[in-house]
Amino acid sequence: MLALTFIIGLLLNAMGYVPPGNINLTLAQLTINRGMRQAWGFILAFSCIEVFFTFGMMRFARWISSDVDIDTIRVGAFQLSFLVDIFMVVLLFTMATLAWINRNKSPQPKTATDSRKGSVLYGVILGVLNPVQVPFWLFFGNYVILHEWVNTDYLSLVVFSFGSGFGSMLALYGYAHFAQYIQEKFALSSRLINKCISIFLYCLALYLIIKQVLIYLG
């Protein structure tokens, strides 16, 4: 049963990082600019934070009933979904702007110690500042618990959380490897890839703004 719990956590979180988002696109940019060694520092640091984050959210999901609508959860005067979107807009605009500003910088040496430390710190920061995972785990965490796919005792949740960490690690490694492959296969410059990632992050932020405007007008 614990092995199945681990696999469910792995698959569930891995699928959550398949769609392009701020985390995997930032990792792709990091891989292009600094190489796979620094990308691994980011991946391992981020995945470690993901283990603790998943455990906390799964504990919280135990108190969420099956008929709770995520969009109706409020924090003060604002809906949780609205606050998450606002935070993500600010984060996406910040990351996109930094990527655009640094688009012309040459890649850093792959063996630089300070680059490795910076990548690890970057992974920790984005692991903590990842509010989009809150509604993700409130929904899917609640789903797997209510369908009794995962037990709610401490051992099961710890195993599930470690599976979640491995899932994010595998998904992010796939993005890093794919970014490196694309650059080498098509001989794309880091400047072009950085610009594309920056534009994509701006588009994601714009999508969230339009989404909230349509909700307000509706």
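Across region 9-40, the number of residues qualifying as in a helix (DSSP H, G or I) and crowded, with 18+ Cβ neighbours inside 10 Å comes to 22.
Checking each residue of region 152-167 against the condition of being acidic (Asp, Glu) and modelled with pLDDT under 85 gives no match. Looking at this structure, is residue 43 open to solvent by 20 Å² or more (accessible area, probe 1.4 Å), in a helix (DSSP H, G or I) and of a type outside the set (D, E, K, R)? Considered against the rule, which asks whether it is open to solvent by 20 Å² or more (accessible area, probe 1.4 Å), in a helix (DSSP H, G or I) and of a type outside the set (D, E, K, R), residue 43 comes out as no.
Can you tell me which residue is modelled with the lowest pLDDT among those in region 46-79 that are of a type in the set (A, V, I, L, M) and open to solvent by less than 50 Å² (accessible area, probe 1.4 Å)? Let's see the steps before the verdict.
Let us first name the residues in region 46-79 that are of a type in the set (A, V, I, L, M), namely 49, 51, 57-58, 61, 64, 68, 70, 73, 75, 77.
Next, from what is left, pick out any that are open to solvent by less than 50 Å² (accessible area, probe 1.4 Å): 49, 51, 57-58, 61, 64, 70, 73.
Numbers: 49: 94, 51: 94, 57: 86, 58: 87, 61: 75, 64: 62, 70: 55, 73: 63.
In this case the residue turns out to be 70.
Could you say whether any residue in region 172-190 is open to solvent by less than 20 Å² (accessible area, probe 1.4 Å), within 17 Å of residue 11 (Cβ to Cβ), part of a helix (DSSP H, G or I) and out of contact with any Pro (no Cβ under 6 Å at 6 or more places or on another chain)? Within region 172-190, one or more residues are open to solvent by less than 20 Å² (accessible area, probe 1.4 Å), within 17 Å of residue 11 (Cβ to Cβ), part of a helix (DSSP H, G or I) and out of contact with any Pro (no Cβ under 6 Å at 6 or more places or on another chain).
Could you run through region 180-211 and say how many residues are on the phi < 0 side of the Ramachandran plot and modelled with pLDDT under 70? Selection size over region 180-211: 4.
Among the residues in region 118-133, are any of a type in the set (Val, Ile, Thr), more than 11 Å from the chain's Cα centre (by Cα) and either open to solvent by less than 30 Å² (accessible area, probe 1.4 Å) or farther than 28 Å from residue 38 by Cα (or both)? No, because not a single residue in region 118-133 is of a type in the set (Val, Ile, Thr), more than 11 Å from the chain's Cα centre (by Cα) and either open to solvent by less than 30 Å² (accessible area, probe 1.4 Å) or farther than 28 Å from residue 38 by Cα (or both).
The values are calculated or read from the model by the stated rules, or taken from the named source; none is laboratory data. Predicted model only: the values in this text are computed from it and were never measured. A quick note on method: Cβ atoms are made from the backbone with ideal geometry, for glycine too, and the neighbour counts reach across all protein chains shown. To get the accessible areas, we keep the full protein, side chains included, count just its heavy atoms, and leave off ligands, DNA and RNA. Shrake-Rupley method; radii C 1.70, N 1.55, O 1.52, S 1.80 Å.
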